[in-house]
Structures are given as C-alpha cells and as structure tokens.
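Scroll down for the structure; my scribbles are underneath it.
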Amino acid sequence: MRDAYSVGEFLGHDDHCAQAPGGLLDREWDEDVDVAARAHLLDRWLREDAPGAPAVVTELRTGGQGAEPTPDALAGSGLFQGTGPQGRMRREPRACRPVPVAEAASVVEQALLDRGGAPSRRAALLAADLRETITRGGRQAALVTVADPATGAVVEDETHVVLSWQPGFLATTFIRIGVVPRPEGGEPFDPACTFAGCSDPVRLAPGEHGRAEDGLRAVCAGTVLAALLECEGRAAFSVGWRPHGIGPGRHRDLSAVRAWWETTAWHGQYEDDCIDIYYDYGAGGWGGRHAHLAPDPQDLDEHFDGDRPGARCLVLGDPADPAAGDWGLGDEMRPLDTAALLAEVEELRRVCREQSGGGGLAGILLDELLTRPLERIGGPERRMAVWADADGDGSFWRTAEGAVDPYDDDARRLLVVGPSEALYIVFRGEMGA
C-alpha cells in the first residue's frame, strides 16, 4: 500500500497537462509539498483580506544527492524561471547567503507580516504554521538576492528563500518561497497548473477558474488540517468538483441523479478509493497494526454480491428508506439530510479544535475544506442533495466516543449535488480519515 499519492493524482491533474518525466506531477505528495500547499492557501487569504498584501509564490525542483543551493545551481534549477504568478516576473539569482533553517522560516513570516498592513487572524495563524513547518522539515536554507534580467538591477523589495528538503536517499528537493509585490490583473490559468509548475498552463473561463480555484483551496486546507490532526500519511482525501448537467431543478430527483451518477468517473473509483486503501498485502509487515489481509478475487465477489467492486456499494440510497445503523465497508451511500450534514460539520469543527491544538486554525481550515464548497454548491439556501458513507445518526468522521480517529481504517465518501455543480470528497481510511 502506498504511503502517499502523486501530486497529479491528488490535484486531479494527471491528464490535464504534459510535464517532463520526473516533474512535480509525478512526485509523491509529501512533507515538502506541504510547504507549497500552505503557501498557496496563505497567498489567497492575503489577497482576500488585505488588497495591498504581497503575493506568496513557490517552486519545487529535485536535484542530485547533496546538491547545494549555490547561484549557479539555482540558475539552472528552474526555481526562478517564473517568480510571479504565471511567470510574469523572471529573476536571476545573484547571491546566496546560507542561514539556519529557523532563521529562514522567520524571515519568510516577517516579510509576510510586515507588508500590506496588519494581517488577518487567519493569515497570521497560517503564516506561523508555515514557519513551524519549514523549521521542522527543512535541511538547509539560504537567502537569495535576485536581479531583474531585463535591467540587470538587483531587486530590493522581494524576499526569496531557498530550502533543501531531503525526502529520500537519492535526491534533494529544492523549495523556493518568494514574497513579492502582488501583480495586477487576474489569473486566467488553471491554478493547479500554477501549483504544479506546468510548462504550458491551461487557460480557463472565469466560471471554470473559480471552481478550480476553490477546489485547490480545499485540497490545500485539508492537507494542513490533516497535519494538525496528526493523520497518518499524506493525501488523506480527494476532492472532485464539476458541473453535472442533470437539468434545471432536477438535482433532487433521485432517478435523474442516479442516472447521472452512473456516468461519472467517480462511480468507478470505489475500488481505488476504498478497497485498495483498506487492504494491505501481508498484515503485520509494512502495514503494521492497521494492515488487513487482502482478499482474493473470490472473496471480493462474495463480499460485493458477485459484482466487483459490487453493485450495492455504488448505489445512491433512497431518502424514503429508513435510517440504518452503522455504515460498513461495501455499503451503499446513504442519503443525508442537509441539516444533518451541517450539524456534522459543526460537530467536526468542535472536535478538530479540541484535538488539533491549532489555536483556532483548524476551524478556519474546515471552512475552506467543506463550508466554502458547500456554500458554492448549494447557495445561501443550501439547495442540495447529499449522500454519504454515514452512520444512521448522520456521523461519518467521528468515533463512537465523538473524537476524530486519524487512523480510521474505513475510507468514506461524501457526494453533494446542487442545482448546477456536484462535489465528491473521499476521506481515505488509513491515509488519515
């Protein structure tokens, strides 16, 4: 069983853009990518909360074992090919001054907080979390002086830090974090292209861009929340978000939604999202105490009524059916009243706040992961139909004692269908539900 998913898989960006082999899309979503997730979300919060605040930009590249962040190495690394969003500003590294990792982390935080007026509470909390994440995981750090290649002049009003991160024995990851003046104008490119450093980013229409932006924000927020809750592994969930085309006013029509559901890629992902995550080959080995002996095909056929991955687990339940007891692996997705979903989100907020020790950041991240998307899907009136791998009382994140179990073995799904868009989130069992 994998400990993490690739950046492309996690972003839902695998087939969207071409990247050279070994590019960021092929890399595992690991601790070093967590820095980019925090920086991306922090940049969006700063833009919303304080229009004069700077932009936060990141790039990730992989070098050879033991590679050092010298000006020559950085010039050829691609880290400075596009300093601003969508590469509006190119920079040339002129000098590198090695500093302790903790100092580099503080320099980034101070640059963020010193410009653009007093930061909002959420921006200050996430900036502090970014500082702690860098300090905890960085191996080496350097402050980089850059020049504008068009004029050759050194740029004075930008802060650039390069960190080296060594996730394995054979390669060193370079991470650049830049705090730069925010460029004017919109961002027409797919935000996942910007995040992944795609060489030929895709332009999106305004409506598509907003949906893609909100989806990436949910991914980044969930990544930070999973870390605060000390979930096992990375890429603990997946977010799908798309227009459904069911037809005006038919998003609550069970037959119409079921017919649409069977045509989606989500309908066929159950084995990847739930079965392959739940089972690990060789219980007691790498899987440790959470491993389960993987069933053979005959066992799966019997478990799923002779149809692998089975008809029952892919069914959207009928709201007219009575509430059942505890949900189990392989059960159908159960209808969930909107009020019950919102109550569960609020209860999750309380539990996350108690368990995370994040000083209020956990609840803010939950808003990005769930509350904000739900508002977009259903509008202010919450006009949406909901199905989930939920217990009879509507809970699907919490244990019987009311806590969130970061080592829960069962992956659970949430499908929300609004008037024009649908949201599908899988909280992947042992990856950190």
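Structure above, values below:
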item: GluC sites (Glu not before Pro) restricted to region 117-165 and DSSP loop, no more than 14 other C-beta within 10 Å; result: Glu156
item: Accessible-area value, Asp326, 1.4 Å probe, nucleic acids and ligands omitted, Å²; result: 130
item: For Phe174, solvent-accessible area (1.4 Å; no DNA, RNA or ligand), Å²; result: 10
item: Arg250 accessible area, assembled protein chains, probe 1.4 Å, Å²; result: 100
item: Solvent-accessible ranking of Glu381, Glu9, Glu347, Glu401, largest area first, probe 1.4 Å; result: Glu401, Glu381, Glu9, Glu347
item: Accessible heavy-atom area order of Glu375, Glu59, highest first, probe of 1.4 Å; result: Glu375, Glu59
item: Percent carbon-and-sulfur accessible area, region 124-226, ignoring ligands, DNA and RNA, probe 1.4 Å; result: 55
item: By accessible area with a 1.4 Å probe, ligands and nucleic acids excluded, highest first: order of Ser120, Ser255; result: Ser255, Ser120
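The values are calculated or read from the model by the stated rules, or taken from the named source; none is laboratory data. All figures in this text were calculated on a predicted structure; none of them were measured in a lab. Positions of Cβ are backbone-derived with ideal geometry, glycine not excepted, and every protein chain shown enters the neighbour counts. In case anyone asks, the SASA skips ligands and DNA or RNA and just uses the protein heavy atoms, side chains included. Shrake-Rupley method; radii C 1.70, N 1.55, O 1.52, S 1.80 Å.
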